[in-house]
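Asker: Dumping the structure here so I can ask a few things about it.
The values are calculated or read from the model by the stated rules, or taken from the named source; none is laboratory data. Only a predicted model underlies this, so the values are computations on that prediction, with no experimental measurement involved. Cβ placement follows ideal geometry from the backbone for every residue including glycine, while neighbour counts extend to all protein chains displayed. Ligands, DNA and RNA are excluded from the accessible area calculation, which covers all protein heavy atoms including side chains. Shrake-Rupley method; radii C 1.70, N 1.55, O 1.52, S 1.80 Å.
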Amino acid sequence: MEKRMQSLNAQAPLLPGDHQEDYNLKDTSPQLGERWPNGGAFGGRGWINGGDRFTSTYDLVEQMFYLYVKVVKAKELPPSSVTGSCDPYVEVKLGNYKGRTKHFDRKSNPEWNQVFAFSKDRVQSSLLEVFVKDKEMAGRDDYVGRVVFDLNEVPTRVPPDSPLAPQWYRLEDRRGEGKVRGEVMLAVWMGTQADEAFPEAWHSDAASVHGEGVFNIRSKVYVSPKLWYLRVNVIEAQDVVANDRSRLPDVFVKAQIGNQVLRTKICPTRTPNPLWNEDLVFVTAEPFEEQLLITVEDRVHPSKEDVLGKISLPLNEFEKRLDHRPVNSRWFNLEKYGFGVMEGDRRKELKFSSRIHLRVCLEGGYHVLDESTMYISDQKPTAKQLWKQPVGILEVGILGAQGLLPMKMKDGRGSTDAYCVAKYGQKWVRTRTIMETFNPRWNEQYTWEVYDPCTVITLGVFDNSHLGGNSGGGSNAGRDARIGKVRIRLSTLEAHRTYTHSYPLLVLHPHGLKKMGELQLAIRFTTLSLANMIYVYGQPLLPKMHYLHPFTVNQVDNLRYQAMNIVARRLGRAEPPLRKEVVEYMLDVDSHMWSMRRSKANFFRIMSLVSGMVAIGQWFGNVCYWKNPITSVLVHILFLILVWYPELILPTLCFYMFLVGLWNYRYRPRYPPHMDTKLSWAESVNPDELDEEFDTFPTCKPHDVVRMRYDRLRSVAGRIQTVVGDIATQGKRFESLLGWRDPRATSLFIVFCVCAAVVLYATPFRVVALVGGLYYLRHPRFRSKLPSVPSSFFKRLPARTDSLL
């Protein structure tokens, strides 16, 4: 068996290392929490003196300075001499950048309450001009008046200072020589991305986006819907009558919530009072918008099912259970199928009705899984009263990206409109979209409460394809293309340390592995209580209901798929929407699909574990064969000490592991883990295997391709089958020792057991251990090249392989 496993390992191609350096994590040194320069203002004057004050809000990102202009309202605007009315709007101009508010029809006292943000790095003018104009149906818009600001006189505001109070400004004419009729209320200040006005502001770096696209570029925080498991225990039914009264029905129950449909088994006995006692589990989310539809159906024949009764129940009336104690069951009367539609007037003539016995509850003691437990980000139960206190705080600064590849064509050239999404627990965050750049700088910071350190935060970068008329064409128009993803396990982070690294964005395409760029992050994990942290490590990974009443593997997979669909549907209804393709990529919706690459990766992960035990066996063999006499002598001395003082065995083992741990501390990982291309077996993957991995389900490939892949799968499965068969053979030989499959072998073995029992009873244990150990460690000159007697006896035992067809 060992030789076969080595042959499987030998058939794997060697991984190339030509581009491995490009896929490594890189250390960065960003200027986090930058000081305010020159007192915060353009010309050195502002409300902050000395320039030594740190901004306290965003200390994990580089400070980005913006000029904010808040246009509140206007009053007493003069009407047009042509139309006799005023359709006002405001245009804010700074250098080559122009932003404008929406216009109002026939309104001389409009209110806008709109904020404009101009990046200081792109400002090329020392004057800010605010124009009030009158929109015309044809021709140029009329000029009403303007207000001009000298940027050297603009004040600086730093949160948590209160917002700057807007002021009324008299409008002046085009040349600035005199005042005109009308006033506008404005507030102008210098701030950073920590300002409360930043998320909803119009940004100068997205001036080309108009219409609905403006809403799709803003940064937002989303919260996943509160998910519940709904358990429907179908107990029994009474007085169920088939439509054909000459036969007893084959009855089953079908339950449906939205697009989730589950059914019980058919009652094994034909009776008008069937009994099932089966559990059907659904996923639902607050607010409960759907109803539970129960139908009792009769299987007339395999292609026909008659509905015998139904009932629709709102989810709000079901009890919320927090532990394993059963809830009360209830009887529900079933409506005869067709009543209320065709025979509504005969409802009163119905003297009796079928009824069904159900026990329904909303499970609050479970955590509804919407992501794989291998990289889960949340483990809290649904019911908030069961939550424990948080053990830490996770702070993530999304600094920016570098070297992104073009994702679409715009105006005849490659372009990328990138934004980043981070998901941890129920909280999703989305940065603003940076337009038309391969090196976007977001510099946005977010915070999460941590309830378990053994969780994973996922960050993904996407290309925004929903920017109105500027979204570009191509086959991917309408879907936000994935650029790459990063996962970071919190338990691998040292507490109170700030990690600043650049993570490679790696994506598998049908033509191979591709580096799409790098994501720059600053991460800090702060623990609140060391005692609570130690306590968490001894607790179950999931809430206790997962262990008291566990789901089957198939149930977990189906429920997770339904939960992901609900989360994607609810977040897709937000404004701006977090689209389905984004949610599915972040939650790894296709992680359960077959992949030859993943299978190889998991196989060689097992081989790496086995190789450690093989190495220990080889070392012990070298000791037995005296390859290194000094080592063999030391092992003999240690063996004699442990035989004479057996109470030292466990302390010696624990102390040895302590020393190994101290030795390995020197070589501990300095960086957080990232996507490992070698571990994932992604660099040397066969193109056809990648094409199979990206194939749809069911397949859409030609028959000859499917046949070739099926034959390849049979070949791999055949080798695995042989290894599994060898393992089963050894197990069956152990069974046959006392199974009398070979009477002579079993007789010899039980006689040996009797003799061994007498000898071991009469001989002290230390003597037995000493003799056995010295015999096993004997010098090679006292060894024979032939197999030992126990090995030969064991290999002669029957394994029932001759009974296999």
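Asker: Straight-line reach from K336: which aspartates and glutamates have Cα under 20 Å away, leaving out those fewer than 8 places along the same chain?
Answerer: Here the aspartates and glutamates satisfying the reach criterion relative to K336 are E236, D239, D244, D250, E297, D298, E305, D306, D345, E349.
Asker: Of the listed peptides 366-379, 763-776, 656-669, what is their order by residue-averaged count of other C-beta atoms within 10 Å, with the highest listed first?
Answerer: So the order, starting with the most tightly packed, is 366-379, 763-776, 656-669.
Asker: Which entries of K410/K580; K26/K427; K254/K384; K388/K423 show an alpha-carbon separation above 26 angstrom in the structure shown?
Answerer: The answer is K26/K427; K254/K384.
Asker: What percent does the relative contact order of the chain come to when contacts are Cα pairs within less than 8 Å and at least six residues apart?
Answerer: 11
Asker: With the other protein chains left in place, how much accessible area per residue, in square angstrom, belongs to the stretch 596-803 at a 1.4 angstrom probe? Each step should come with its number before you reach the end.
Answerer: Values: 15530 Å² over 208 residues.
Solvent-accessible surface per residue comes out at 75 Å².
Asker: Straight-line reach from K514: which aspartates and glutamates have Cα under 12 Å away, leaving out those fewer than 8 places along the same chain?
Answerer: Those aspartates and glutamates meeting the cut-off are D22, E683.
Asker: Ok, one more. So who's got an amide H within less than 5 Å of the one on K320, skipping anything under 5 residues away but keeping other chains? H placed 1.01 Å off N, in plane.
Answerer: L362
Asker: Compute the long axis of helix 596-624 from its Cα atoms, compare it with the longest principal axis of the Cα atoms of the chain, and write down the angle in degrees, 0 to 90, nearest 10.
Answerer: Roughly 50 degrees between the two axes.
Asker: Taking the alpha-carbon distance from K133 and a cut-off under 29 Å, which lysines remain once sequence neighbours fewer than 8 residues away in the same chain are dropped?
Answerer: List returned: K70, K73, K75, K93, K98, K102, K107, K120, K179.
Asker: Further question on the same structure: For D134, D695, give me the order by solvent-accessible area with a 1.4 Å probe, most accessible first, ignoring ligands, DNA and RNA.
Answerer: Sorted descending by solvent-accessible area, the residues read D695, D134.
Asker: Per residue, how much accessible area does the stretch 384-587 have with a 1.4 Å probe, in Å²? Don't skip to the end; give the middle numbers.
Answerer: Working: 8200 Å² over 204 residues.
On a per-residue basis, 40 Å².
Asker: Still on this model: Carbon and sulfur atoms: what percent of the 1.4 Å accessible area of the chain do they account for?
Answerer: Answer for the chain is 56 percent, counting heavy atoms of protein chains only.
Asker: If N is the number of residues in the stretch 384-587, what value comes out of its Cα radius of gyration divided by 2.2 N^0.38 Å?
Answerer: 1.14
Asker: Set the Förster radius R0 to 60 Å, insert the Cβ-Cβ distance between R766 and A207 as r into 1/(1 + (r/R0)^6), and round the FRET efficiency to 0.05.
Answerer: That gives a FRET efficiency of 0.10.
Asker: If you average the C-alpha positions of the stretch 691-745 and of the stretch 383-461 separately, how far apart do those two centres end up, in angstrom?
Answerer: 42
Asker: For G258, what residues show an amide H to amide H distance below 5 Å, using hydrogens built from the backbone and excluding near sequence neighbours?
Answerer: Q291
Asker: With +1 on the Cβ of every Lys and Arg and -1 on the Cβ of every Asp and Glu, and nothing else charged, how large is the dipole of the chain about its Cα centre, in debye rounded to the nearest 20?
Answerer: Values: 105 positive and 88 negative charges, 521 e Å.
Dipole magnitude for the chain comes out near 2500 debye.
Asker: Viscosity 0.692 mPa s, temperature 37 °C: what is the translational diffusion coefficient of the chain from Stokes-Einstein with a Kirkwood Rh over Cα pairs, rounded to a whole number of µm²/s?
Answerer: For the chosen part, D equals 97 µm²/s.
Asker: Same structure, new question: So how many Lys-Lys pairs in the stretch 596-803 land under 19 Å Cα to Cα, not counting same-chain pairs under 8 apart? Intermediate results must be reported in sequence, preceding the final value.
Answerer: Working: K600/K678; K627/K785; K732/K795; K785/K795.
The number of close lysine pairs in the stretch 596-803 is 4.
Asker: Roughly how many debye, to the nearest 20, is the charge dipole of the stretch 384-587 about its Cα centre, given +1 on each Lys and Arg Cβ, -1 on each Asp and Glu Cβ, and no other charges? Show your work: numbers first, answer last.
Answerer: On the way: 26 positive and 15 negative charges, 59 e Å.
I would put it at about 280 debye.
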